[in-house]
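Novice: Mind having a look at this structure? Questions to follow.
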Amino acid sequence: MSTPTHIFQENGSSRFPLIDNLRPFEEQIRFTLTQMDGTSFWALSLWRAPEGANLRASLPPAENYIQCAGDAAGVTVEVRSVDTFGAAHQYTVGKPATRLPSEPTETIRWDSGRHSTRVFTNEVFTLDEAADLFIAYYRDDRVPAQYTLRELSGV
């Protein structure tokens, strides 16, 4: 078992270190994401723990992270980052697209339908696609360059 370097958070509340005692880290990320059912498990966040953090003692929050919400019908993926001036920015991740409608047309629901958000068609991901994004973020602390980022206002 390797030393954990990242923290998961489920449903906005339960935090735990990403561990590799059952499967390698990247396989654990994919396995965990594909368990999202929209009812008992509807949201997942991932971030790098501070250098040298003892994840047995505490699970610190982070300013930079990737998160998703939804279920097997589709999830929305967001990333948050703080720039060099200390300003936080939150983005919805999208697949490359050439033409989009003027307003989001797709609805992603979670928490047994109690919550929802509207996104563009290219911003709807399958659980496997979301797992690919989470694994890339786990490796590099960023979303791969081929994806689009739409900044959210008022977040």
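The values are calculated or read from the model by the stated rules, or taken from the named source; none is laboratory data. Remember, it's a predicted structure, so these values are computed and weren't measured experimentally. As a convention, Cβ positions derive from the backbone with ideal geometry for all residues, glycine included, and neighbour counts pool all protein chains shown. Protein only, heavy atoms only, side chains kept; ligands, DNA and RNA dropped before computing areas. Shrake-Rupley method; radii C 1.70, N 1.55, O 1.52, S 1.80 Å.
Novice: Whole Å is fine, so just give me how far the alpha carbon centre of the range 20-50 lies from that of the range 70-144.
Specialist: Each part's Cα centre sits 16 Å from the other's.
Novice: Let me ask something else about it. Expressed as a rounded percentage, what relative contact order does the chain have, with Cα pairs under 8 Å and six or more residues apart?
Specialist: With pairs under 8 Å counted, the relative contact order is 23 percent.
Novice: What 222 nm value per residue comes from the helices of the chain, counting each DSSP H run with n ≥ 4 as -39,500 (n - 2.57) and dividing by all residues, nearest 500 deg cm²/dmol?
Specialist: Result for the chain: -4500 deg cm²/dmol, rounded to the nearest 500.
Novice: Sticking with this one: Starting from the coordinates of the alpha-carbon atoms of the range 54-118, obtain the Kirkwood hydrodynamic radius over all distinct pairs and give the value in Å to one decimal.
Specialist: 14.5 Å
Novice: Please compute, over every Cα-Cα pair in the range 9-155, the percentage with a separation greater than 19 angstrom.
Specialist: Summing the P(r) of the range 9-155 above 19 Å gives 53 percent of all pairs.
Novice: Give a residue-ordered list of calculated ³J(HN,Hα) values for the range 87-94 (Karplus: 6.51 cos²θ - 1.76 cosθ + 1.60, θ = phi - 60°; whole Hz; x for Gly, Pro).
Specialist: The phi angles translate into 8, 8, 10, 10, 10, 8, 8, x Hz.
Novice: For the chain, what is the charge dipole size about the Cα centre, in debye to the nearest 20, if Lys and Arg each add +1 at the Cβ and Asp and Glu each add -1 at the Cβ?
Specialist: 120 debye
Novice: Using a 1.4 angstrom probe on heavy atoms only, work out the carbon and sulfur share of the accessible area of the chain in %.
Specialist: The nonpolar share, carbon plus sulfur, comes to 48 percent.
Novice: Could you quote the convex hull projected area for the range 24-69, Cα atoms only and averaged over all directions, in nm²?
Specialist: 4.1 nm²
Novice: Moving on to the next point. Arranged from highest to lowest average of other beta-carbon atoms within 10 Å per residue, in what order do the peptides 77-85, 53-61 appear?
Specialist: Per-residue mean Cβ counts within 10 Å order the peptides as 77-85, 53-61.
Novice: Further, regarding this structure: How far, in nm, would the chain grow between Ser40 and Arg114 when pulled straight, counting 0.36 nm per residue and subtracting the alpha carbon separation?
Specialist: 25.4 nm
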